[in-house]
Each structure stands twice: as structure tokens, then as C-alpha cells.
Ligand code: AHR
């Protein structure tokens, strides 16, 4: 239950409730995720909110345990960054029965009863996939012949992975020159991105024209694999990432990456505002959408000093 701060002035005494939020984070798989955690912790501090933080280390069962523990502690609001989309029906129903509003952040869920969560704060991942593909079509419009693409997918069963694939395919389908010749998960991490890219290169080094990675961390891992294979990332193989983290800007400035589609992790302030409204029973939109851009290598050096994550 909300911790109570007793305030008193002579003759008057009143109590202000400190909001208590339980936050179930996926883990620390990427530069993006670290920035997301920092943003939420900082915003909670600024808003005078007590934040109970749980790092699930990329395991859904740990997130479910964290949610049950938050319910047992009677927190005022739960913020959940769901690792994958499915498997949440039971625990979200438990939160609903305990009358604890659940706010989804950075990833969405697929549940039968959508009244078990209050709002989703995050990006349009399908649009991010479309933006990546539109950049590619535009950037290669004066070339001829097939454009062979390898794809590094995010965590299997997560909506950024599903939707970034969907949006990208939707756009490249409009031109038969563009073909995804290999597609595999790199679990949103640098290490896995490198490992899977090594396998792609072993099988098809001469054919690959483009790497589309569902996040920058996998793209950065893959860049290492491309260099180790004796090829030039950004030139021999075009490199497209998502997130627009500082690491991607450094790679673009070094000429090793071509573009990053922005996905902002700085959701803390919006989440605190939403949590306060949810705790007060005020209505919230189903989706609080993040506004984002696209950063090609040509603007990287100029934009780098403005980047906050
Ligand atoms: O849910 C957002 C995604 O999760 C980010 O794009 C990725 O880097 C992170 O791990």
C-alpha cells in the first residue's frame, strides 16, 4: 500500500501519500534497455515515487514472480515491460482482482481480457520496420539487380521482433528485387547478433547485400563479424539498425553502419504521469505513442551531441 508521509503545520495535520510502483523490467539485454531502466528510475525519483525494481534477466517466469510479489506487497501501480507477448492472462487477471492497475511499457501483450491492463506506453514497431525498408528502397533505387537481405530478429515472441519484421516485409514486398535470404533471432544482444551473422556469412558471404537488424546492439555485433570476414560493413554490406542508441551513431560516424531507425527508451516521465492518473482512477488512452525519427549516416556526426541515450 502507498507509504504515508506525515506532514504537519501548527494546527493543521494532513497526510500525503507516496505512490508505490512495482516495475518488472525484461533485463539489460541492450544499450536501449539500460537507458530505459535509467529513464524510469530517474523519473520516479523526480516525481517522488517509491519504485520497486525487478530485473527478470530475460526470463518470463521471473517477471511473473515479480508481478505476484508486487501484488502481495499491495503496490499502487505495476509497470510491466513484457518480455514476450503471450502467457500473461493469469497473472494480469490476479492484478486486476487485486485492483492494481497495470501499465505496459516498451512491449505489448496478447491477452484474452484486455481490461487487465490500462495503457501501453511505447513505440509503433510496425512503422519502425516500414521506415527501415523505406530507407533501403530509397537508398538503393539507382542500383540494379537483386538486393539480398539478411535479417537479425529480436527476441522470439516479442512484439518488437514480430512487428519490425512485419512492417519491413510489407514495404519490401512492393518491389520483387528485394529478397530476405536468411532470417534468424539474435535475441536483441550484441553477442548473439555477432554469432548469427558469422553463420550467415559462412553460408552466403558473397550474396549478402544488406543486413537488417531489429536493434542496434545486434547490428553492432554483426559489424564485428562482417569485419572479421574481411568485408567492409556499411559498404560491402549495408547495415540497418533500430533504436538510434549512441553506439549506432559511433558506428555510423566510423562509416560502418548506414542508418538507425529511432525507438526511444526515454519513457520514464510519460510513465510516471500515466501511473499517477491510473492510481487516481482517471481515464488513460489505450496507447501513449512515442514520437520518433530516422537517422541516416549522413546526419550522424551533427546529431551525435544531441543524443541522450
Ligand atoms: O522493446 C524495445 C526493444 O527491446 C528495443 O528495440 C531493443 O533494443 C530492446 O531490447
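How high is the relative contact order of the chain, given as a whole-number percent (alpha carbon pairs under 8 Å, six or more residues apart)? Write out the running numbers ahead of the final one.
Values: 657 pairs, mean separation 53.6, N = 309.
Relative contact order, the chain: 17 percent.
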Original post:
Angle, helix 31-46 long axis vs. longest principal axis of the chain, Cα atoms, 0 to 90°, nearest 10?
Top reply: 20
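Can you list the equivalent-ellipsoid semi-axes of the chain, largest first and in whole Å, using the square root of 5 times each Cα gyration tensor eigenvalue?
41, 19, 16
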Subject >> Distance between segment 212-232 and segment 171-201 - C-alpha centres, whole angstrom >> reply: 10
Subject >> Over segment 17-151: Rg over Rh, Cα atoms, Kirkwood Rh >> reply: 1.11
Original post:
With no solvent and one point on each alpha carbon, what is the Debye value of log10 I(q)/I(0) for segment 122-235 at q = 0.16 Å⁻¹?
Top reply: -0.69
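With the contact rule set at Cα under 8 Å and sequence spacing of 6 or more, what percent relative contact order holds for segment 125-263?
On the way: 286 pairs, mean separation 33.8, N = 139.
Across segment 125-263, relative contact order equals 24 percent.
Mean shadow of segment 254-299, computed from the convex hull of its alpha carbons, in nm²?
In nm², the orientation-averaged hull projection of segment 254-299 is 4.2.
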Subject >> Relative contact order for segment 146-216, counting Cα pairs under 8 Å that sit 6 or more residues apart, in percent >> reply: 52
Original post:
Pairing the Cα long axis of helix 216-228 with the longest principal axis of the chain, what angle in degrees results, from 0 to 90 and rounded to the nearest 10?
Top reply: 30
Subject >> Choice from 289, 235, 17 showing the highest fluctuation, given a GNM over the chain with Cα pairs closer than 10 Å >> reply: 17
**OP:** Could you let me know the centre-to-centre spacing of segment 39-104 and segment 240-270, using Cα atoms, in angstrom?
**Re:** 27
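Since every read-out is calculated from the coordinates, none of them should be taken as a lab result. Being a predicted model, the structure only gives us computed values, none of them experimental.
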